[in-house]
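See below for the structure under consideration.
The values are calculated or read from the model by the stated rules, or taken from the named source; none is laboratory data. No experiment lies behind these values; they were computed from the predicted model shown. Here the Cβ positions follow ideal geometry from the backbone for every residue, glycine too, while neighbour counts run over all protein chains shown.
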Amino acid sequence: MTERHLEEMIRRALRPERWAKIERALHNRLGAVRVVVENLHHAHNLSAVMRTCEALGVQHVHVVDEAEHCKLSRRITMGAHKWLTVHRHARFSDCAAALRARGFHLYAAMLDPGALSLEEIPVDRPVALVLGNEKEGVCPETRGLCDGAYFIPMYGFVQSYNVSVAAAISLYSLTRRVRQERPDRGLLSAEERAEVLRSWMPKSLRFGRRLLRTSG
């Protein structure tokens with residue numbers, strides 16, 4: 001089913017104002033920016049990162065969870081997670097391989113002798129930001145699989161942010177630059193939009209799953 005077919009089907013089934021909101025979100029979704037969170041311990045941090053991603057139009061979130069213990073807090077996500085494409089990985093190496101296959105460069109958030117400032121991350125290629133857990137940050141093995149590291153400049157006594165705050169600052173800066181500096185604004189391709197819309201359809205319509213089955 002084409003994107004146009006899906007859009008028309010949903011548009012006919014929804015109130016105009018509801019469809020306008022979905023259409024606006026879909027056509028502002030970014031494909032050239034992704035986020036990777038590694039082994040987070042607290043549900044509120046993972047949930048806050050997802051809420052930030054949805055608000056800024058970052059469609060894809062990669063969750064590396066070796067211990068399979070990080071859950072979501074729906075009270076914090078406020079439903080934002082259901083509009084995202086969440087990829088779960090048991091190991092960071094699997095995540096890195098999947099992202100590289102799609103042309104992404106990976107940048108780890110950490111203090112590193114060769115780290116770039118957040119504003120210096122190149123945006124001419126798709127970028128995945130990698131954030132480590134609350135206690136240890138990005139582990140050395142993960143850093144070794146990334147293309148580079150970046151830091152957020154700080155001017156106070158503290159030298160670190162909470163991981164969800166770091167994600168919010170990083171994504172606000174990076175997505176703004178991607179939208180302004182890339183010729184394609186970093187948006188999803190037509191094929192990617194159709195795939196995302198297909199995943200949204202059951203969440204937008206009461207009988208969305210049934211319509212998808214009957215329409216082929």
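Candidates are the residues of region 50-77 that are more than 17 Å from Arg29 (Cβ to Cβ) and modelled with pLDDT of 90 or more; the one that is surrounded by the fewest Cβ atoms within 10 Å (Cβ to Cβ) is Val63. When Arg193 is tested against the conditions (1) modelled with pLDDT of 90 or more; (2) not in a helix (DSSP H, G or I), the lone failure is (2).
Within region 112-133, the set of residues being over 20 Å from His87 (Cα atoms) and surrounded by 14 or more Cβ atoms within 10 Å (Cβ to Cβ) comprises Asp112, Ala115, Leu116, Leu118, Ile121, Val123. Only one of the listed residues (Arg179, Arg193) is out of contact with any strand residue (DSSP E or B) (no Cβ under 6 Å at 6 or more places or on another chain), in the same structural domain as Ser117 (by TED's automatic domain parsing), surrounded by 15 or more Cβ atoms within 10 Å (Cβ to Cβ) and in contact (Cβ under 8 Å) with a residue 24 or more places away in the chain. That residue is Arg179.
Given the condition surrounded by 14 or more Cβ atoms within 10 Å (Cβ to Cβ), in contact with a His (Cβ under 8 Å, 6 or more places away or on another chain) and within 30 Å of Leu197 (Cα to Cα), answer yes or no: does some residue in region 99-108 qualify? Looking through region 99-108, at least one residue is surrounded by 14 or more Cβ atoms within 10 Å (Cβ to Cβ), in contact with a His (Cβ under 8 Å, 6 or more places away or on another chain) and within 30 Å of Leu197 (Cα to Cα). Total residues in region 23-34 satisfying the condition of being in a helix (DSSP H, G or I) and under 18 Å from the mean Cα position of the chain (by Cα): the figure is 3.
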